[in-house]
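Heads up: the structure comes next, in structure tokens.
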Amino acid sequence: MSMRPFPMNLNFKTGELTPNDRTNIRNLSDMKGMFFDNEAESRILEKEDPLIYSFSEKVLPEENGHLQLATTTIHPGKVGDEYHMTKGHYHRRPDTSEMYLGLEGEGCLLMQTVEGDFESIDIRPGTVAYIPPFWGHRMVNTGKTAYVFFAVYPGDAGHNYGDIEKTGFIKILVERDKKPVLIDNPRWKQRD
Ligand code: PAN
Ligand code: ZN
């Protein structure tokens, strides 16, 4: 059965997408081992379990031909020297692409392929980034305010978090002399 067309509202300041069906919350405890400095992670978790990011989605059919729409807000902060970020993923159907539109705040999109290729794009309000098929992606908030962006991707793309959990990202974004610097991740492992 065909779906009827519908409008939604996207608040360009807060990223709030209305109506949305689902908001996913990611606290530090949901990202164990993903930040480089495990000791800093444990020290924070002894005291609190900070909210790192949340994303709101409209539930649409996970089918070829449809699109998925989501807004993400990454809260400012660091774990050790490493800035707050999303878990990052490849798509479960790896031959699917994605579009990110920056709405508020400042930060960086990190992308990599399983073959070990790497790219980064600074994303500010109004930046549109195209993530081609086969590129894993993660957003990092390098600013002092909330980092908000809107994403559009194919309905049947799905998410593969497992491979990023196993290998990590090739590069990580850390603070050096109060500035963000992209450095090689000493723990990066190429997938077998
Ligand atoms: C985004 C992400 C969202 C949260 O909508 O799903 O920013 O990041 P993680 O999925 O890595 O936790 C997207 O890339 N969808 O495909
Ligand atoms: Zn994605």
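The values are calculated or read from the model by the stated rules, or taken from the named source; none is laboratory data. As the structure is a prediction and not an experimental result, all values here were calculated from the model. Here Cβ is always computed from backbone atoms with ideal geometry, including for glycine, and neighbour counts include all displayed protein chains. The accessibility values were calculated without ligands, DNA or RNA, using every heavy atom of the protein model including side chains. Shrake-Rupley method; radii C 1.70, N 1.55, O 1.52, S 1.80 Å.
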Q: Identify, from the list M111, M99, the residue that is within 11 Å of ligand 1 (Cβ to nearest atom) and either surrounded by fewer than 16 Cβ atoms within 10 Å (Cβ to Cβ) or modelled with pLDDT under 95 (or both).
A: M99
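Considering only residues that are assigned to a loop (DSSP other than H, G, I, E, B) and either among the polar types (S, T, N, Q) or surrounded by 14 or more Cβ atoms within 10 Å (Cβ to Cβ) (or both), which ones fall in region 18-59? Break it down stepwise before answering.
Narrowing region 18-59 to residues assigned to a loop (DSSP other than H, G, I, E, B): 19-21, 32-37, 48-50, 58-59.
The answer is N20, M34, F35, F36, D37, P50, K58.
Residue-by-condition table, conditions (1) without any contact (Cβ under 8 Å) to a residue 24 or more places away in the chain; (2) within 14 Å of ligand 2 (Cβ to nearest atom); (3) within 23 Å of E62 (Cα to Cα):
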residue: R92; (1), (2), (3): no, yes, yes
residue: M111; (1), (2), (3): no, yes, no
residue: F118; (1), (2), (3): no, no, no
residue: F150; (1), (2), (3): no, yes, yes
residue: K166; (1), (2), (3): no, no, no
residue: V181; (1), (2), (3): yes, no, no
Q: Residue by residue through region 137-150, note down the ones that are more than 10 Å from the chain's Cα centre (by Cα) and open to solvent by less than 20 Å² (accessible area, probe 1.4 Å).
A: G143, Y147, V148
